[in-house]
Amino acid sequence: MGPEPSSDDVPRPWPGAWHDALYGSGGFYRSAPPARHFATSAQGIPGGGEVLAAAVAELAHRHGCTRVVDVGAGGGELLAAVHEIDPELALVGVDVVDRAPPGTGMPWLVSPGGAALPDGLAGPGRTLAVGHEWLDVVPCPVVERDASGSWREVLVRRDGVEVLGPAVAGDDLGWLERWVPEDVARAEVGLPRDRAAADLLARLGDGVLLLVDYGHEREARPPGGSLTGYRDGRQVAPVPDGSCDVTAHVALDSLVDGLRGEGRRVELTSQRDALADLLPGADAPVPHELARSRPTAYLRALARRAALGALSAPGGLGDFGWVTVVVPPPGGAAQ
C-alpha cells in the first residue's frame, strides 16, 4: 500500500478551502494589504478614492447619517478619503487586520473574515454601512452540472485540483433552481452572500446599507461560473493555498431580493448611474482659465474628472452594481 494522502491532498468543499486561503492563520489577507495585488475604485486608480469618497459622503449627508462603517476596509483608503472631505463624520474600519491609516486615530474592528462580522458594529447616530468589494470574497459553494445535468458540489485540493462531490440538495439546490438558468454549467451559490448582507443590515438598525461589487443577474449568469484568482495585479487560477486572492461575482438580483423588507427602500443601479446621481456635474469640462489663476487646482480638477471617467466606464468599473438599502428611523419614512 502507498502512503496515506496528506490533508493538503484531500479534496474538500470550496467554502472551507476558500475561507482558510483568505482568512486562515496563513491566509492571503493576513499577509499583505490587498492594494499590493489589485486595484479597486477606492485605491489603485489615481483620484478614484477621492471620487468614491465624495459619493459616500454625499450619500451619508442625503440620508442624515453621522457615521460611516466600512466592512472589508483593506488599508482604510476609502475612510481616509472620506475624512478629508468631511472630518465631522464618525468613521469605523472593519477588516481581518487592523490597518487603520496612521495618525487618524480611526476606530477599527478586527473581523474573523468572510461572512463573519465582529461585535460593536452598532453605534451612536444614524449609520451608513459600506461593503465595498466585500461580498465577492465571502466564500460560497461552487457547483457544477454532471453528465446527467444534475448539480454536484465541486471539491478542491489545496493545489487547486478539483473533483465533483455529492449532489447538491436543500437550500442550495432551491437557490440554484430559482436563480440560475438551465444553460449555465457551473456556478457559485449566492446564499452565503445574501445571508451575510442580511446580517450586516440587521446589525445596522436604522440607517443605510451600501454594497458595491461586480456581479450579474439571472439572464446574464456566466455559463462557466466566475471563480478566479488575483496575484500581483494579474488574474490567475483560483488556488486555495493562501498565495492569491480568490473571488467570484455576486448574484445581484438574489442579493436585492433577500434585503427587501417592510419600510425599506432597496435599489440596484450601476456605479456609473450612482455616481451621476450623487455627484451631479462632476463630469463637466474643467475651465481652462483655472490653469492660469490656480494651476494646482486645475490639475486636481483634471485628475478628478479622469478618475470619474474611469469609475464610470462601460464594460469596466462603471458596470459595478450598487445596492442601496435605506432603513427609516422608528416612526419615520425612508428618505
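The values are calculated or read from the model by the stated rules, or taken from the named source; none is laboratory data. Quick caveat, the model's predicted, so the values are computed rather than measured. Cβ sites come from the backbone with ideal geometry, for glycine too, and all protein chains shown count toward neighbours. Accessible surface is based on the protein model in full, side chains and every heavy atom, while ligands, DNA and RNA are left aside. Shrake-Rupley method; radii C 1.70, N 1.55, O 1.52, S 1.80 Å.
Does segment 102-118 contain at least one residue that is free of Cβ contacts under 8 Å to residues at least 60 places away in the same chain and closer than 21 Å to V323 by Cβ? Before you say what the answer is, go through the steps one by one.
Taking segment 102-118 as the starting set, the residues that turn out to be free of Cβ contacts under 8 Å to residues at least 60 places away in the same chain are 102-111, 116, 118.
Pick out the ones that are also closer than 21 Å to V323 by Cβ and you get 111, 116.
There is at least one residue in segment 102-118 that is free of Cβ contacts under 8 Å to residues at least 60 places away in the same chain and closer than 21 Å to V323 by Cβ.
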Filtering segment 253-278 down to residues that are touching a residue at least 60 places away in the same chain (Cβ under 8 Å), surrounded by 14 or more Cβ atoms within 10 Å (Cβ to Cβ) and among the small types (G, A, S) yields S254, G258, A274
Exactly one of A100, A42, A55 is at pLDDT below 90, under 21 Å from A282 (Cα atoms) and in contact with a helix residue (DSSP H, G or I) (Cβ under 9 Å, 6 or more places away or on another chain), and that residue is A42
Of the residues in segment 157-177, those that are open to solvent by 20 Å² or more (accessible area, probe 1.4 Å), in a helix (DSSP H, G or I) and touching a residue at least 24 places away in the same chain (Cβ under 8 Å) come to D172
Checklist entry - Has segment 84-103 got any residue that is closer than 22 Å to L302 by Cα, in a helix (DSSP H, G or I) and within 18 Å of the chain's Cα centre (by Cα)? => result no
Taking segment 200-230 and keeping only residues that are open to solvent by 40 Å² or more (accessible area, probe 1.4 Å), charged (D, E, K, R) and touching a strand residue (DSSP E or B) at 6+ places or on another chain (Cβ under 7 Å), one is left with D206
The condition from (1) touching a helix residue (DSSP H, G or I) at 6+ places or on another chain (Cβ under 7 Å); (2) part of a helix (DSSP H, G or I); (3) under 20 Å from Q271 (Cβ atoms); (4) not acidic (D, E) that L201 misses is numbered (3)
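Which count do you get for residues in segment 55-79 that are open to solvent by 30 Å² or more (accessible area, probe 1.4 Å) and not in a loop (DSSP other than H, G, I, E, B)? Outline the logic, then answer.
The initial filter retains those residues of segment 55-79 that are open to solvent by 30 Å² or more (accessible area, probe 1.4 Å), namely 58, 61-62, 64, 66, 72, 77.
Next cut, not in a loop (DSSP other than H, G, I, E, B) only: 58, 61-62, 77.
Matching residues across segment 55-79 total 4.
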The number of residues in segment 108-156 that are outside any strand (DSSP E or B), touching a Phe, Trp or Tyr at 6+ places or on another chain (Cβ under 9 Å) and open to solvent by 40 Å² or more (accessible area, probe 1.4 Å) is 1
R145 fails exactly one of (1) touching a residue at least 40 places away in the same chain (Cβ under 8 Å); (2) within 30 Å of Q271 (Cα to Cα); (3) not polar (S, T, N, Q), namely (2)
